[in-house]
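Here the structure comes first, spelled out in structure tokens, and everything after it is commentary.
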Ligand code: KG4
Ligand code: ZN
């Protein structure tokens, strides 16, 4: 990726280009057609305004032209439903940790549809921290999956990072201090040459990157990953205990993280639920899943539906 991240303007243009063929292909693959649909679910927020606008405008037009009811879904509720979709046996109250490139949020889920925000990041989201650390070390975007795959090659106890201490709500997260600590370490160890070599690679494989990443940098990555996981799980466990949660739902792109899944399995006494990998990152199935209870309640959106970049779930 040339830009090392999502460029809002390019993202909305890409949405506009893709939306018609993608919807058509989805209908074909599901062997269905518009006349068989009970409703059209669309993400109303939170997110980038340009991309949301494309989705909402298209869904409204389809709903109007085909006379199919419209359902507005919160993107974050979608991530929670990606887990409920595959695990209908989950018992409540549950604690949900939504952890992606845009969110690091803890919710109490009293039952599906009833949410209370317990804590969130005050600066970077966990996925964003992975991507920024990856960028400063010369890894391609998105760096989260790469760091996850490289971390087992390093010693996770080699670099000591100070853990974030939160004033006020102890369930809030902060990752910017960790990102700065990685930057300092990089400056102290002069990684200029290896960073330049990694940056010069075009579409590198994991093996290419592994060859150009010395043991000390692998230790740094492993230690960074260990710290992020510890920060996430610590607050998830505290809040799960506070609300008497029977289940812990982890979802969003960072829920793909193998280290996080492994550490979660060691948390005895709490039942952790992760989505399949393809439902962890952004997908449309989770939006349909979140819309289903609204369809049953006939909770439809009107023609005046507008995208809300800062939409909150509560
Ligand atoms: O949920 P998602 O697809 O999009 C957002 O709503 O942000 O999450 C994408 C984020 C990126 O920051 C990416 O680096 C991160 O999830 N990610 C991971 C892993 N796979 C994806 N982070 C850590 N470990 C992974 N295995
Ligand atoms: Zn997402």
Answer residue from segment 252-266, given it is assigned to a helix (DSSP H, G or I) and under 18 Å from residue 95 (Cβ atoms) and is farthest from ligand 2 (Cβ to nearest atom) among those: 265
Answer from 102, 154 - the residue that is at pLDDT below 95, farther than 18 Å from residue 248 by Cβ and within 16 Å of ligand 1 (Cβ to nearest atom): 102
Test result for residue 252, modelled with pLDDT of 95 or more and on the phi > 0 side of the Ramachandran plot: yes
Index of the failed condition, residue 97 passing every other in (1) under 13 Å from the mean Cα position of the chain (by Cα); (2) in contact (Cβ under 8 Å) with a residue 60 or more places away in the chain; (3) within 30 Å of residue 199 (Cα to Cα): (3)
Condition check for residue 228: touching a residue at least 60 places away in the same chain (Cβ under 8 Å), within 16 Å of ligand 2 (Cβ to nearest atom), closer than 23 Å to residue 170 by Cα and part of a helix (DSSP H, G or I): no
Residue 149 vs. criteria at pLDDT 95 or above, closer than 30 Å to residue 202 by Cα and surrounded by fewer than 23 Cβ atoms within 10 Å (Cβ to Cβ): yes
Some residue of segment 19-38 being buried (at least 16 other Cβ atoms within 10 Å of the Cβ), in contact (Cβ under 8 Å) with a residue 60 or more places away in the chain and not in a helix (DSSP H, G or I): no
Restricting segment 118-148 to residues that are within 16 Å of ligand 2 (Cβ to nearest atom) and part of a strand (DSSP E or B), the residue that is farthest from residue 87 (Cα to Cα): 121
Candidate set: segment 266-285, residues that are farther than 24 Å from residue 59 by Cβ and free of Cβ contacts under 8 Å to residues at least 12 places away in the same chain; chosen: the one nearest to ligand 1 (Cβ to nearest atom): 266
Condition broken by residue 233, with the remaining ones in (1) within 16 Å of ligand 1 (Cβ to nearest atom); (2) under 17 Å from residue 90 (Cβ atoms) satisfied: (2)
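The values are calculated or read from the model by the stated rules, or taken from the named source; none is laboratory data. Here the structure is a predicted model, which means the values were calculated and not measured. Here Cβ is always computed from backbone atoms with ideal geometry, including for glycine, and neighbour counts include all displayed protein chains.
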